[in-house]
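The values are calculated or read from the model by the stated rules, or taken from the named source; none is laboratory data. No experiment lies behind these values; they were computed from the predicted model shown. All Cβ positions, even for glycine, are placed from backbone atoms using ideal geometry, and neighbour counts span all protein chains on display. Please note that ligands, DNA and RNA were not included when accessible areas were found on the heavy atoms of the full protein model with its side chains. Shrake-Rupley method; radii C 1.70, N 1.55, O 1.52, S 1.80 Å.
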Amino acid sequence: MAEAAAALRTVANNVRAARARAGLSLDELSRRAQVSKGALVGLEKAQGNPNLATLVRLADTLGISVSALMQGPPEGRVRVVSGDTVAPLWTGEGGSEARLMLTTSGPAPVEVWRWRLEPGEEYPSHPHQAGVVETVSVTSGRMVLVVDGAEHIVEAGQTATFDGDASHAYRGTGAETCHLIMTVHLPPGPAAG
């Protein structure tokens, strides 16, 4: 429980700092990110339990990565992250999950995610800011990648990429669990808007 409280304090500090850097009031960030002002006030006070969709909308609006909202200061030149030490940011009712492993630094960061999709379980994603590119590499099983309503089967050993500013979803399919690595390539610079 102490780890969850510490993580929430880190998110609160990072949202507050990013909002200040962007020169946005709570009202303006609320409007742009489509997150209620009450939820933002609570989040900046390290209260509540923001879901993945809320964190994605805030990160997109602030022009930073989701993990930039969640991580403390860098610990050194090399970061090694173990999957069992990273809490899932999304869990499905059937056992699916998504873990944000890390985000690279630099002017155009890349988020690295590990996903497990159970057959028939789906995660719908809101469109991201313009310039975001997602790549999914299936390591075992099969998934359906839905982009702008079009379905694409991606099987073990295959990789797909698409512009993340379209509506999209990930769905497990077939008889076995689908494991995949997703990268989210973020555009350089702050979000326009």
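Taking springs between alpha-carbon atoms closer than 10 angstrom, which of G63, G106, G38 fluctuates most in the Gaussian network model of the chain?
Looking only at G63, G106, G38, the biggest GNM fluctuation is shown by G106.
Show the residues, 5+ positions off or on another chain, whose built amide H is closer than 5 Å to the amide H of S96.
E118
Out of residues 5 or more away from A166 or on other chains, whose amide H comes under 5 Å of its own, with H placed 1.01 Å from N in the peptide plane?
Amide H neighbours of A166: H128.
Would you kindly state how much longer the chain becomes between K45 and A130 on full extension, computed as 0.36 nm times their sequence separation minus their alpha carbon distance, in nm to one decimal?
Length gained between K45 and A130: 27.6 nm.
Return the Cα extents of segment 59-193 along principal axes one, two and three, sorted largest first, each rounded to a whole Å.
Principal-axis extents of segment 59-193 (Cα, largest first): 41, 34, 26 Å.
Taking the DSSP beta bridges in segment 42-167 as the whole, what percent of them are antiparallel, to the nearest 5?
Restricted to segment 42-167, the bridges split so that about 100 percent are antiparallel.
For the chain, with every protein chain kept in place, what is the accessible area per residue (1.4 Å probe, Å²)?
52 Å²
Within segment 104-119, which residues have the backbone N less than 15 Å from the label spot 7 Å out from T183 along Cα→beta-carbon, could you tell me?
104-114
Got the relative contact order for segment 71-193 handy, in percent, Cα pairs under 8 Å and 6 or more residues apart?
Relative contact order of segment 71-193: 29 percent.
Among E28, E122, E97, determine the one that fluctuates most according to a GNM of the chain built with springs between C-alpha atoms less than 10 Å apart.
Between E28, E122, E97, it is E28 that shows the largest mean-square fluctuation.
Using per-residue counts of other Cβ atoms within 10 Å, averaged over each peptide, order 79-87, 125-133 from highest down.
The packing order, highest mean first, is 125-133, 79-87.
Return an integer: the convex hull volume of the alpha-carbon atoms of segment 1-67, in Å³ per residue.
It comes to 72 Å³ per residue, whole-number rounded.
Taking Rh as the Kirkwood radius, which is the inverse of the mean 1/r over Cα pairs, what is the Rg/Rh value for segment 141-191?
1.03
Under a crude label model (7 Å from the Cα following the beta-carbon direction), how far is N13 from D27 in nanometres?
Going by the 7 Å Cα→Cβ label model, 3.0 nm.
Anything in the chain that counts as a DSSP H helix reaching 18 Å or more along its axis (C-alpha) with Kyte-Doolittle mean of at least -1.0? List them, would you?
2-22
Do the sum for the chain: with -39,500 (n - 2.57) for every DSSP H run of n ≥ 4, divided by all residues, what is the mean residue ellipticity at 222 nm, to the nearest 500 deg cm²/dmol?
Helices in the chain give a 222 nm mean residue ellipticity of -8000 deg cm²/dmol.
Highest GNM mean-square fluctuation, the chain, Cα pairs closer than 10 Å: which of A53, A150, A39?
It is A150.
Quick one: work out Rg over Rh on the C-alpha atoms of segment 1-142, Rh as Kirkwood radius.
Across segment 1-142, the Cα-based Rg/Rh ratio is 0.95.
On the accessible surface of segment 100-185, probed at 1.4 Å, how many percent belong to carbon and sulfur atoms?
52 percent
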